[in-house]
Each structure stands twice: as C-alpha cells, then as structure tokens.
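J.: Next up is a structure, given as structure tokens.
Each value in this text was obtained by applying a stated rule to the coordinates, not by laboratory testing. Computed from a predicted model, the values in this text were never measured in an experiment. Here the Cβ positions follow ideal geometry from the backbone for every residue, glycine too, while neighbour counts run over all protein chains shown.
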C-alpha cells in the first residue's frame, strides 16, 4: 500500500488544485496523502476531481477502498457511500435523519393548518 500512497502523493502534488505544498492543503489541513503511515483518510475533492484523471491510479485506489466506480459523497456529511439508485444523495444515516426532519416539518404544517381551521 505504501507504493500506492507514494504514487498518490506524487499525482496529487502535480494535479491537485488545493495542494499548497509542504504536505498542506488549501482547505486548512494537512493533505491526507502526505501523512505518515500506510493508512490514510479520504479526500473527497481528490476522489471526485483529481484521481479520475488517471485511470490506473483511480482503479488501484478504488480496489484498496473496495468501492465501485459509481460511489458518491453524502450531501450532508460528505461520507463516501455506494448509492442504491441514481437519485440517492444521502448516506443511510443522513437519509434517516432527513426523513425524520421532513416528517416533523410536515406534521408541523398539518397541525398549523388544523389549528387555523378550528379558530
């Protein structure tokens, strides 16, 4: 895996628009591909915008993370997930929370309308 990490670091250094040099990112954090050790976090920007430019590196990266090519980032929490359909934009946990929010808002409106009719 360290060979993959070295290749990723070199590719990100050359092609990533948010790479600031010295292992730093313009997003005010260390670049995840320049950290010590074999394990590394995931960078959504690099996964969506930088790595797809190199087919071989992209496929090696996906094999390490056991992900399909059609993976998406959750709109709410930015976790990478495999969608079950093409319209899905939330991960499982956020979808559950979003459903609860929508139901709460709906019931609030129903109660509001009901109270307006009664008065």
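J.: List the relative contact order of segment 2-69 as a percent without decimals, with contacts defined as Cα pairs under 8 Å and 6+ residues apart.
T.: 28
J.: Full extension from residue 49 to residue 65: what is 0.36 nm times the residue separation minus their Cα-Cα distance, to one decimal in nm?
T.: Stretched out fully, the residue 49 to residue 65 stretch lengthens by 4.0 nm.
J.: For the residue pair residue 116 and residue 56, what label-to-label distance in nm results when each label sits 7 Å from Cα along the Cα-to-beta-carbon direction?
T.: Placing both labels 7 Å along Cα→Cβ, they lie 6.4 nm apart.
J.: Mind sorting 65, 26 by how few other Cβ atoms lie within 10 Å of their own Cβ, fewest first?
T.: Going from least to most buried by this count: 65, 26.
J.: Highest GNM mean-square fluctuation, the chain, Cα pairs closer than 10 Å: which of 106, 61, 11?
T.: Taking springs between Cα atoms under 10 Å, the residue moving most is 106.
J.: Taking 0.36 nm per residue of sequence separation and subtracting the Cα-Cα distance, how much length would be gained by fully extending the chain between residue 75 and residue 95, in nm to one decimal?
T.: 6.2 nm
J.: Same structure again: For the chain, find the longest principal axis of its Cα atoms and tell me its angle to the long axis of helix 92-118, 0 to 90°, nearest 10.
T.: 20
J.: Between residue 29 and residue 105, what is 0.36 nm times their sequence separation minus the Cα-Cα distance? Round to one decimal in nm.
T.: Result for the pair: 23.7 nm of gain on full extension.
J.: Quote the relative contact order of the chain in percent (integer), defining contacts as alpha-carbon pairs under 8 Å separated by 6+ residues.
T.: 14
J.: Follow-up. Can you work out the FRET efficiency for the pair residue 88 and residue 17, with r the C-beta to C-beta distance and R0 = 25 Å, to the nearest 0.05?
T.: Calculated value: 0.35.
J.: Something else about it: Once you have a ≥ b ≥ c as the square roots of the Cα gyration tensor eigenvalues for the chain, tell me rounded if a/c is under 1.5, and otherwise prolate or oblate according to whether a/b is larger than b/c.
T.: prolate
J.: Segment 1-30 to segment 82-98: how many Å between their Cα centroids?
T.: 29
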